[in-house]
Amino acid sequence: MTEENKTHKRPSWDDYFMAVCRIVAARSTCDRLAAGAVLVKDKRIISTGYNGSPPGLPHCDEAGHLLEDGHCVRTIHAEHNALLQAAVIGGVSTEGSTLYTLYSPCIHCSKYIVAAKVKRIVIGKVYRNQQVMDYLGKAGIEVDFYDPDNDWNTRVCDMFTKNIEERENEGEINLEGNK
């Protein structure tokens with residue numbers, strides 16, 4: 001067993017899902033804000049979303065920004081995309097779910113979050129509109145700000161900078177659990 005395996009520490013659920021948000025955000029196609037969102041129910045990911053255009057339409061990184069009042073409206077926001085993906089895939093309700101998002105949602109996404117009956121939102125950073133927190137709170141949604149575990153964040157960085165560890169076959173296990 002390697003030293004790393006001996007000191008393995010599982011991340012909290014918030015650390016785990018916020019790390020996934022960061023990976024999801026890497027798919028964003030609008031360079032004005034690379035945002036990611038993960039919708040979770042019963043500690044299971046039910047959908048993800050990032051800032052990007054609707055399927056089949058050009059993205060900002062292909063066609064440029066479509067600006068209205070200083071905001072790019074070509075893309076669907078990460079939070080909205082996560083809710084839409086849950087609707088398209090189907091099979092599970094968003095009611096009672098938790099939404100993890102790198103940035104606080106805009107007022108429009110907040111309306112969709114309320115309508116989808118999300119019960120909790122975990123936010124990495126406030127983006128532009130602090131009043132959205134009050135709006136979500138008045139709607140009965142629990143709003144938490146992500147408190148990162150710096151040891152976990154360092155470990156995540158290590159996971160992506162180190163090569164995947166080579167492992168030797170330590171023996172077959174039969175159905176009775178014996179080697």
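The values are calculated or read from the model by the stated rules, or taken from the named source; none is laboratory data. Quick caveat: nothing in here was measured; it's all calculated off a predicted structure. Heads up, the Cβs are rebuilt from the backbone with ideal geometry, glycines too, and the neighbour counts pull from every protein chain shown. Surface areas here come from the heavy atoms of the whole protein model, side chains and all, with no ligands, DNA or RNA. Shrake-Rupley method; radii C 1.70, N 1.55, O 1.52, S 1.80 Å.
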Notebook entry, point to check: Excluding Asn150 itself, what net charge comes from residues whose Cβ is under 14 Å from its Cβ, given Lys and Arg +1 and Asp and Glu -1?
Noted result: -4
Notebook entry, point to check: Pick the calculated volume of the Cα convex hull per residue in Å³ for this structure from (1) 108; (2) 123; (3) 177?
Noted result: (3)
Note to self: Quick check: the angle from helix 13-25's long axis to the longest principal axis of the chain, C-alpha only, nearest 10 degrees?
What the structure shows: 60 degrees
Next item on the list: Report the paramagnetic label zone for Ala26: residues of the stretch 48-62 whose backbone N is under 14 Å from a point 7 Å from Cα along the Cα-to-Cβ axis.
Entry: none
Margin query: With the cut-off at 26 Å, tell me which of the pairs Lys119/Lys162; Lys9/Lys111; Lys125/Lys162; Lys41/Lys111; Lys43/Lys162 have Cα atoms farther apart than that.
Written below: Lys119/Lys162; Lys9/Lys111; Lys125/Lys162; Lys43/Lys162
Next item on the list: Return the sequence-ordered ³J(HN,Hα) values of the stretch 116-128 in whole Hz as given by the Karplus equation 6.51 cos²θ - 1.76 cosθ + 1.60 applied to θ = phi - 60°, using x for Gly and Pro.
Entry: 7, 6, 5, 9, 8, 10, 10, 10, x, 8, 6, 10, 6
Note to self: If I measure Cβ to Cβ between cysteines in the chain, which ones have no partner under 4.7 Å?
What the structure shows: Cys21, Cys72, Cys106, Cys109, Cys157
Checklist line | Label point distance in nm, His71-Asp158, each placed 7 Å from Cα along Cα→Cβ | finding: 4.2 nm
Check: According to the square roots a ≥ b ≥ c of the eigenvalues of the Cα gyration tensor, what is the shape class of the stretch 78-163, taking rounded for a/c under 1.5, prolate for a/b larger than b/c otherwise, and oblate for the remainder?
Finding: oblate
Checklist line | Rounded to 10°, Cα long-axis angle of helix 150-161 versus longest principal axis of the chain | finding: 80 degrees
Check: In degrees from 0 to 90, rounded to the nearest 10, what is the angle of the helix 78-89 Cα long axis to the longest principal axis of the chain?
Finding: 70 degrees
Checklist line | Over the chain, relative contact order from alpha-carbon pairs under 8 Å, at least 6 apart, % | finding: 17 percent
Next item on the list: Quantify, in whole percent, the carbon and sulfur part of the accessible surface of the chain (1.4 Å probe; protein heavy atoms only).
Entry: 51 percent
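Using 0.36 nm per residue, how much length does the chain from Glu165 to Val114 gain when fully extended, once their Cα-Cα distance is taken away?
Contour length minus Cα-Cα distance gives 14.0 nm.
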